[in-house]
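Report on one structure; see the data block that follows.
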Amino acid sequence: MSIMEGTIMARPDPDMMGLLLSLRQQLESAAHGQAGQVIEQFCARHGRSKQTVWRWLTSFAGYDSGRKKRTDAGKTKLPEETLKFIAASKQMSVRANGKQTKPTAVAMNIADANGFEVPVCVSSVNRALRNRNMDGKSQAQARNHTRMRSLHPNHVHEIDPSLCLVFYIGSRQYVMTEQEFNKNKPAAIEKIKLKCWRYVRWDHASRAIDVRYYQAAGENQYSLFEFLLYTWGQQPHRLSHGVPKKLLWDKGSERSSPAVCNWLDAMGVDHTPHATHHAWVKGGVEGANNIVETQFESRLRDEPVTCVEQLNEAVERWVRDYNANAIKFVDAAIKLPDGQRLSRDELWQSILRHPEALVLLPDEKICRWFLAGKTHSRQIRDNLISFVHPELGVSRQYDLSQWAAHYSQREAIEIQPMLLAGGAVRVSIPRMGREPLLVQVEPISQHDSYGRNMANAIIGQEYKTAPHTAAQEAAKDIAKTAYGDVTLDEAEALLRKNARPFQGLNSGTGAIGHSNLGSTELPQRLIPAGRELDLPQAKPAELPRMNRVQMAKWLQGRLQNQYNAALLTDVSRRYPDGATEPELEAVLNDLQAGRTGAGRAKLQAI
């Protein structure tokens, strides 16, 4: 398949155009066969290739050699599938920094080894790649970016933390240089334990810039949280402030800041990280970083500061003047398409035309509540949950009855308080096999003078049925399976009557519960002969024996006034080693039967 040529050539500058017109006259007056020599002399004198000079002559100087154009001009014998393979092979070897590591000749060799037809030379392949925009330079610039706009100031903010070239050891300022600190010397950067991090915020509509520096070992959510508190809060040196509707940041900031994400969710800020290696999505703040480096940090060599606190004081003054376009000789104004030039502060002030867009940051104490990063869980009781909202400071109840079909009573759900929403909370209700159901619930606000919800039914006047929970819906299905088309109440009544369930099964004979047992043929098993267990002769338990004093106390306690010393003498003679309690009981039985304490019959006179 032929590949047509379509190269776009850069136009030579005016001086070169004059030289080309003079060269054209020389060629037109040159003798036959001398044109090549004239071109070679021109190329040697001006450092250009013959191919470039011939193209300039024909495209811009109006030179016509008089030769008839070849019928196959712009075509190649290289098959398209071969060209695509070579282009893909080269592209797969491009590094993340854009460096091309596979020469065309190597890709051609690999293509040939894999059975592709390569009937042309390296220069022809390179030309074909350029003509088809398959070369490395064209592919590096292949992505087309869509221009976007925002509705008003504070609609979209972009933030970006980056390592600052300035750092401090003790009270001395240092600046990283390319010779000491670069990508090939990471150990040099690691030696700096506390680095200086620059956080920049850029308002998409007004281009207003805000900057803050933090000293830390690395990027962390604490510094990010402090910066957002600072940049969205009101500051005396800065006009722009307020919570945006949307925040653009990178994935690294999002992944390292779960507590900040919860805080943003609570305020209703849509925080969308851009895809990896797509920093151009937040190109505004990338440009703002460059402005800070060139317009502010470049001043620090002339007037060093000794610590981050002084650095922040200096950058506050710069932010104040730069956004107001008040720095002498520095043009920081934004030029609009109609030619009007406005400062960034003037553009941000147009938020007055959108009063709903200016959302003030909640109290700092409330915001810091979210930095703890705790997960709050509550149990549902009668479709209600209780929660102490950080903005309200007291426990409030939240009614979940309209979502009852998605949960069961006593089920634990996760709660996240919402800010700037009148005490509302966001509830996450788990659902099997699906994403959790996220709902925003307002607190119950209307109560009677006795503290009860005004929506509750009045005893004796109203009747309100509570919505069925997921467990109740399952219970209805269970009841229908067991007893047919009945209600839950009817199923419970049948259960109390001991009614047989599943009567419709097996042609109306009912379910088989145990009559199927005993009919299964079991395998024949060998039973080994067991041995008899040899148990030792059990010994009766020995009861404690009482001495003479203990026996006297025991007998006196049982006989009271009928006790006498002669009885104790008889018992002692009968049990010289002392008696147990059952033996003393036998003595009492003998006395009751008319015998003596020794167990003999009493003698009677005749």
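Here Met108 meets the list (1) in contact with a Gly (Cβ under 6 Å, 6 or more places away or on another chain); (2) over 30 Å from Ser206 (Cβ atoms) almost entirely, failing just condition (1).
The set of residues in segment 288-300 being part of a helix (DSSP H, G or I) and either without any contact (Cβ under 8 Å) to a residue 40 or more places away in the chain or in contact with a helix residue (DSSP H, G or I) (Cβ under 6 Å, 6 or more places away or on another chain) (or both) consists of Asn290, Thr294, Gln295, Ser298, Arg299. Put simply, of Val439, Val394 the only residue that is surrounded by fewer than 13 Cβ atoms within 10 Å (Cβ to Cβ) and under 38 Å from the mean Cα position of the chain (by Cα) is Val394.
Number of residues in segment 229-248 that are of a type in the set (Val, Ile, Thr) and closer than 15 Å to Trp202 by Cβ equals 1. Mind checking whether some residue in segment 484-498 is outside any loop (DSSP other than H, G, I, E, B), surrounded by fewer than 14 Cβ atoms within 10 Å (Cβ to Cβ) and touching a helix residue (DSSP H, G or I) at 6+ places or on another chain (Cβ under 7 Å)? No: segment 484-498 contains no residue that is outside any loop (DSSP other than H, G, I, E, B), surrounded by fewer than 14 Cβ atoms within 10 Å (Cβ to Cβ) and touching a helix residue (DSSP H, G or I) at 6+ places or on another chain (Cβ under 7 Å).
Scanning segment 322-335 for residues being assigned to a helix (DSSP H, G or I) and modelled with pLDDT under 95 gives a total of 0.
Residues checked against (1) under 20 Å from the mean Cα position of the chain (by Cα); (2) more than 23 Å from Asp270 (Cβ to Cβ); (3) not small (Gly, Ala, Ser):
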| position | (1), (2), (3) |
| --- | --- |
| Tyr214 | no, yes, yes |
| Gln221 | yes, no, yes |
| Thr231 | no, no, yes |
| Lys245 | yes, no, yes |
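Does Val319 meet the test of being within 39 Å of the chain's Cα centre (by Cα), crowded, with 17+ Cβ neighbours inside 10 Å, modelled with pLDDT under 95 and in the same structural domain as Glu293 (by TED's automatic domain parsing)?
Working: within 39 Å of the chain's Cα centre (by Cα): yes; crowded, with 17+ Cβ neighbours inside 10 Å: yes; modelled with pLDDT under 95: no; in the same structural domain as Glu293 (by TED's automatic domain parsing): yes.
Criteria not met by Val319.
The sole residue among Val118, Val125, Val106 that is farther than 28 Å from Phe225 by Cβ, more than 36 Å from the chain's Cα centre (by Cα), modelled with pLDDT of 80 or more and assigned to a loop (DSSP other than H, G, I, E, B) is Val118. Only one entry in Asp399, Asp363 is loosely packed, with under 14 Cβ neighbours inside 10 Å and among the acidic types (Asp, Glu), namely Asp363. Could you look through segment 581-594, keep only residues that are exposed (fewer than 15 other Cβ atoms within 10 Å of the Cβ) and in contact with a Lys or Arg (Cβ under 8 Å, 6 or more places away or on another chain), and pick out the one that is modelled with the highest pLDDT? Restricting to residues being exposed (fewer than 15 other Cβ atoms within 10 Å of the Cβ) and in contact with a Lys or Arg (Cβ under 8 Å, 6 or more places away or on another chain), the top hit is Leu588. Among residues of segment 450-507 being closer than 21 Å to Leu384 by Cβ, of a type in the set (Val, Ile, Thr) and at pLDDT 80 or above, the one that is farthest from the chain's Cα centre (by Cα) is Ile459. I'd like to know if segment 228-242 contains one or more residues that are assigned to a helix (DSSP H, G or I), in contact with a strand residue (DSSP E or B) (Cβ under 8 Å, 6 or more places away or on another chain) and at pLDDT below 90. No: segment 228-242 contains no residue that is assigned to a helix (DSSP H, G or I), in contact with a strand residue (DSSP E or B) (Cβ under 8 Å, 6 or more places away or on another chain) and at pLDDT below 90.
The values are calculated or read from the model by the stated rules, or taken from the named source; none is laboratory data. These figures come from a predicted structure and were not determined experimentally. Reconstructed Cβ throughout: ideal geometry from the backbone, glycine too, with neighbour counts over all protein chains shown.
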